[in-house]
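Reviewing the structure listed below.
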Amino acid sequence: MKLSERAKLFATLHHENAGQKRKFTGEPYIVHPAAVVALLESINPTEEMRAAAWLHDIVEDTDVTLREIELRFGSLVGQYVEMLTDVRTRRTGGERIDRKNGNLLHSAQASAEAKSIKLCDLIDNACSVVELDPAFACNYLLEMKRLLTVLNAGHPLLYARAQAVCEDGLALLHRQQGSDEWFKTLWEYYEQHTPLSSVARLSGTEQPGSLRKPVPSELK
């Protein structure tokens, strides 16, 4: 059995045993990792990347440890999953801004392969959030836009798609809110907490103003 197939079975079992469902639809949680893997297929990933995509939420959301992932699926998959696992969660406590900026710093140091998987994760989640919870989407899309400043080492096709999803979602929210003042206020709040300039220096990424623009031909 392929590595990714074993990872799929393992993730399905443990998310199910944890009683997890998708927040908005009540579907089995595994539909999200499946969507992440499907998006990842567009860049012809390695088996280790596929496996990590199936397992990307397993340590955060179940009792499975990183050590168990390494033993079952190898050190490289374990490294990818560690890079994709939030270091600050609701279980560890703290305000949302503390958690999200802490996880931003963690994502900044991930490999290009892990960043590509993270882009798929963001794309799938953003589409669901914008459609099903516009109020929460205000926070989620702002945090996604900040994350994109440190994920540009990911695959260009996925990066362009994530940018387009984020910008389209924000444009919709601006129309619904009547202006973009909410975004400017929230952005400044996050910047005062953790300036993106300091994160960019840590990760060696480009500054926010120099991010690549989506290429129309890549977004089809």
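For the stretch 41-55, a residue qualifies if it is hydrophobic (A, V, I, L, M, F, W, C) and either touching a Phe, Trp or Tyr at 6+ places or on another chain (Cβ under 8 Å) or more than 18 Å from Tyr29 (Cβ to Cβ) (or both), and the qualifying residues are Ile43, Met49, Ala51, Ala52, Trp54, Leu55. Of the numbered criteria (1) touching a Gly at 6+ places or on another chain (Cβ under 9 Å); (2) under 18 Å from Met49 (Cα atoms), the one Val87 fails is (2). When you look at Ala38, is it surrounded by fewer than 16 Cβ atoms within 10 Å (Cβ to Cβ) and within 21 Å of Tyr159 (Cα to Cα), yes or no? Answer is yes for this residue. Take the stretch 1-54 and flag every residue that is free of Cβ contacts under 8 Å to residues at least 40 places away in the same chain and touching a Pro at 6+ places or on another chain (Cβ under 7 Å). Across the stretch 1-54, the qualifying residues are Glu16, Lys21.
Residues in the stretch 109-165 that are of a type in the set (Ser, Thr, Tyr), more than 15 Å from Pro45 (Cβ to Cβ) and touching a residue at least 24 places away in the same chain (Cβ under 8 Å): Ser128, Thr149. The criterion of being in contact with a helix residue (DSSP H, G or I) (Cβ under 6 Å, 6 or more places away or on another chain) and either at pLDDT 95 or above or crowded, with 16+ Cβ neighbours inside 10 Å (or both) holds for Glu82.
None of Ala110, Ala164, Ala51 is surrounded by 22 or more Cβ atoms within 10 Å (Cβ to Cβ), farther than 23 Å from His15 by Cα and out of contact with any His (no Cβ under 8 Å at 6 or more places or on another chain) except Ala110.
Among the residues of the stretch 22-35, those identified as under 16 Å from Ile58 (Cα atoms) and either hydrophobic (A, V, I, L, M, F, W, C) or surrounded by fewer than 14 Cβ atoms within 10 Å (Cβ to Cβ) (or both) are Ile30, Val31, Ala34, Ala35.
The values are calculated or read from the model by the stated rules, or taken from the named source; none is laboratory data. What you are looking at is a predicted structure, and each value in this text was computed from that prediction instead of being measured. Backbone-built Cβ (ideal geometry, glycine too); neighbour counts: all protein chains shown.
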